Amino acid sequence: MGKGVIIACDFKDKEETFNFLDKFRNQQLFLKIGMELFYSEGPEIVREIKKRGHKIFLDLKLHDIPNTVEKAMKSLSNLNVDMTNVHSAGTIEMMKAGIRGLTKENEERPILIAVTQLTSTSEERMQNELLIERSIEDVVMKYAEHAKEAGLDGVVCSPLEVQAVKKKCGENFITVTPGIRFKEDDKGDQVRITTPKKAKELGADYIVVGRPITKAENPVEAYEKCVEDFIE
Ligand code: C5P
């Protein structure tokens, strides 16, 4: 299983995205494209970025009835991304439908991971609004187990949850962890953060890094520091 630094391309449009990517010249990157960019530019942005030789994590967090998720994944499978995701709250049946949709005969399926509980949801809100009367930790672990049972490859989680997830779901179950900051950085709106070095020590497989790279004075240097600290 590869280790990797995934850059979150949280840009509003194609122009901003390519201005950023041009700084990297010929480096092959792993890029996360989320709803903002995908909804503003459509699937073409994925094709164009792939054409430049980059890998893509398409972060659209599908959550709907199983039939719709299966069909949506079938459409997305034509984009040949490297990684994509669904919400585990959509049930085991829905996650299985996601796998069916994404699988093409005789082709390697993209990595499919599950979002457990969004880090923006506090325990209080989860209990009062979603009426889930358990701790966030319990929910994250249970949802990770469901993802594993459905046949998914891993989950998005906090670096601080990696060890517990691996213990429950096995060493090969992939953990993709946002919430990464260099020591000297602002936290921004992230609460539970770790450095790339710490994420490596905790055993994360991929780190997702947005602003510490995209807003850095020198994004290429910031990216290279992440790679050095997390992989080398
Ligand atoms: O800029 P920053 O490094 O905080 O970006 C982190 C990225 O990871 C963003 O694209 C954010 O949407 C995403 N993410 C997250 N927490 C999650 C799931 C995704 O921060 N639980």
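Cα-based radius of gyration for the chain, normalised by 2.2 N^0.38 Å, reads 0.98. Each of PHE30, PHE18 was scored by other Cβ atoms within 10 Å of its Cβ. Arranged with the fewest first, they read PHE18, PHE30. Computed over the chain with a Gaussian network model linking Cα atoms closer than 10 Å, the most mobile of ILE174, ILE99, ILE65 is ILE65. Among LYS183, LYS166, LYS55, whose mean-square fluctuation peaks in a Gaussian network model of the chain (Cα, cutoff 10 Å)? Evaluated over the chain, the most mobile residue of the options is LYS183. The 3J(HN,Hα) values that the Karplus relation (6.51, -1.76, 1.60; θ = phi - 60°) gives for region 3-19 are, in residue order, 9, x, 9, 9, 8, 7, 7, 7, 10, 7, 8, 4, 4, 4, 5, 6, 4 Hz. Gly and Pro appear as x. Using the Cβ-Cβ distance between VAL220 and LYS14 with R0 = 25 Å, the FRET efficiency computed as 1/(1 + (r/R0)^6) comes to roughly 0.80. For ILE174, the residues whose modelled amide H falls within less than 5 Å of its own, excluding neighbours fewer than 5 places apart on the same chain, are GLY154, VAL155.
Shape class of region 99-176 from the Cα gyration tensor (axes a ≥ b ≥ c, square roots of the eigenvalues): prolate, since a/c reaches 1.5 or more and a/b is larger than b/c. Farthest towards the positive end of the charge dipole of the chain, among the residues ILE113, ALA8, GLY34, is the Cα of ILE113, using unit charges on the Cβ of Lys, Arg, Asp and Glu.
Taking GLU145, GLU105, GLU36 as the candidate residues, the one with maximal mean-square fluctuation in a Gaussian network model of the chain, Cα springs under 10 Å, is GLU105. A simple rule links phi to the HN-Hα coupling: the Karplus curve 6.51 cos²θ - 1.76 cosθ + 1.60 with θ = phi - 60°, which for region 100-117 gives 4, x, 7, 7, 10, 4, 6, 10, 5, 6, x, 4, 10, 10, 10, 7, 8, 10 Hz, with x for Gly and Pro. Reducing region 208-232 and region 119-158 to their Cα centroids gives an inter-centroid distance of 29 Å.
Listed here are the pairs LYS3/LYS96; LYS142/LYS168; LYS14/LYS71; LYS50/LYS74; LYS55/LYS104; which of them are more than 21 Å apart at the Cα? Listed pairs above 21 Å: LYS3/LYS96; LYS14/LYS71.
Projecting the Cα atoms of PRO43, LEU160, ILE231 onto the charge dipole of the chain (Cβ charges, centred on the Cα centre) puts ILE231 farthest toward the positive pole.
Going by how many other beta carbons lie within 10 Å of each one, how would you line up GLU41, GLU149, fewest first?
In increasing order of surrounding Cβ atoms, one gets GLU149, GLU41.
For region 72-106 versus region 1-57, the inter-centroid distance based on Cα atoms is 20 Å.
All of the numbers you see were taken from the coordinates with simple rules; none came from a lab. Bear in mind that the values here come from a model prediction, so they are computed numbers and not experimental data. Every residue, glycine among them, receives a Cβ derived from its backbone with ideal geometry; neighbour counts consider all protein chains shown.
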